[in-house]
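Report on the following structure.
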Protein chains: 2
Amino acid sequence: MSPTSSRPNTRITRLADRASYDRETAYAILDAALIAHLAVVVDGAPVVMPYVCARAGDELVLHGSTRAGILSAIAQGAPVSVAVTHVDGLVLARSAFHSSMNYRSVVIHGRARAVDDLAEKAQLLEAIADHLTPGRRAVTRGMSDGELQATQVLAIALDTFSAKIRTGGPIEPPEDRDPNVWAGVIPLALTFGPAEADPTTPAHLAPPERRPAND
Amino acid sequence: MSPTSSRPNTRITRLADRASYDRETAYAILDAALIAHLAVVVDGAPVVMPYVCARAGDELVLHGSTRAGILSAIAQGAPVSVAVTHVDGLVLARSAFHSSMNYRSVVIHGRARAVDDLAEKAQLLEAIADHLTPGRRAVTRGMSDGELQATQVLAIALDTFSAKIRTGGPIEPPEDRDPNVWAGVIPLALTFGPAEADPTTPAHLAPPERRPAND
């Protein structure tokens, strides 16, 4: 999150505190994500946009319409950067400088593989649907060939990535501890509300099982 | 979010449905945001990272350590793209193809202005702290000159931007309406949990007033 309070003493301290290159850690962060922010260079300038995402093995899978120009450029092998971020809390010190956020993030660098095989495309799109709503693929109808052809599916190998995590309370010098100012953490989480059935959904049907987001 | 279901019939339909260039709409989305994803080009490849953000007038303000190389490049005028996204719900149709997400997003393109004046820097950093926790600037100590000098503050003019919003239930053809499958929306919101006081915070102090995130 690169907040002011990221202990800007030394580069080593910053890295040691919050960076991790552990694959298991990064995968857990990706698996808790509903969306990723994907950046690509277009005419020399960056473009960043949000996409639904899901990890499938050692790749992160995104999709969109084949009519979206940005995805065509990516499908043709342009380098990409993808960030997944969970905001876990506001960290309130007694100074703005030492205040921070708790978060988990992964940044990936690489090039995307365009998935052209319709069977693999269908499998990955169902994996995304199932990631968002576990078990969903068992009850929805399959994708038609026309739908598959209208959908661009991109898979980015998880070869080059870094994870950063901040947890815990504020870190500040003892002289900052003004006894009249509250300090601590206000947790944040992406939370589900009560399901809202479509008017065409029969009343006796229960909403699907769903995962806690941002867990 | 460019989901499969973004009605890929025509470009005009897609834009008419979800794109908005209305400043008030975009500002409301930015004002509900705690973080933004900032992309820049480094050695020809994109790099995207999350930053705490706050709008100040007609600029979006980000900050980080002056030791972060990526911010130095941006401070020197490299083009940037910034995305702010709120995930508002899973939209479950009876097919993966017509399933979607409700969301609000703003994508900004431009170049950042490096804020060098210490007084303006202090003002903008306090604006960020106050955005995250309203009223906070009245109780925290001010920033020292050393802290201000260690902090890179960037302001990006809100000149070129677009907002996209999806709301409502699934849109799918009548023949998809399998009476055995639940369809509808599962709302999502970034929600605060109970405040956790730092061990050094006196027990009689109440946590600060706080805003609902993602509202």
Counting only DSSP beta bridges fully inside the protein assembly as shown, the antiparallel percentage to nearest 5 is 100
Provide Rg and Dmax in Å for the protein assembly as shown, with only Cα atoms included in the calculation. 21.6, 68
At residue A:25, with labels set 7 Å past Cα in the Cβ direction, how many nm apart are the copies from this one, shortest first? 4.1
Local electrostatic count at residue B:174 - Lys and Arg +1, Asp and Glu -1, tallied over other residues with Cβ under 13 Å: -3
Need one value for B:28-34: mean number of C-beta atoms belonging to other chains within 10 Å of its residues' C-beta atoms. 1
Over what distance in Å are the Cα centres of region A:178-204 and region B:33-51 separated? 27
Would you work out the charge dipole size for region B:11-164 about its Cα centre, treating the Cβ of every Lys and Arg as +1 and the Cβ of every Asp and Glu as -1, and quote it to the nearest 20 debye? 600
For residue B:69, place a label point 7 Å out from Cα along the Cα→Cβ vector, do the same in each other copy, and report the separations in nm, one decimal, smallest first. 3.2
Counting Lys and Arg as +1 and Asp and Glu as -1 over every other residue whose Cβ sits under 14 Å from the Cβ of residue A:41, the net charge comes to -1
Test item: Cα-centred dipole of the protein assembly as shown, Lys/Arg +1 and Asp/Glu -1 on Cβ, debye: 200
Residues whose built amide H sits under 5 Å from the amide H of residue B:193, excluding neighbours closer than 5 in sequence, are A:188, A:189
Inter-label distance, nm, simple model (7 Å from Cα along the C-beta direction), residue A:167/residue B:66: 3.4
Give the residues of region B:175-206 whose amide nitrogen is closer than 18 Å to a point set 7 Å from the Cα of residue A:191 in the direction of its Cβ. B:186-197
Using +1 at the Cβ of each Lys and Arg and -1 at the Cβ of each Asp and Glu in region B:11-164, identify which of B:161, B:115, B:148 lies farthest towards the dipole's positive end. B:161
Give the nm distances, rounded to one decimal, from residue B:117 to the matching residue in every other copy, measuring between label points 7 Å along Cα toward the beta carbon; shortest first. 6.1
Give me P(r) over region A:11-167, computed from all C-alpha to C-alpha distances, binned every 10 Å, as integer percentages. 10, 36, 32, 16, 5, 1
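Values quoted throughout were computed directly from the atomic coordinates according to the rules given, and no laboratory measurement underlies them. Only a predicted model underlies this, so the values are computations on that prediction, with no experimental measurement involved. Positions of Cβ are backbone-derived with ideal geometry, glycine not excepted, and every protein chain shown enters the neighbour counts.
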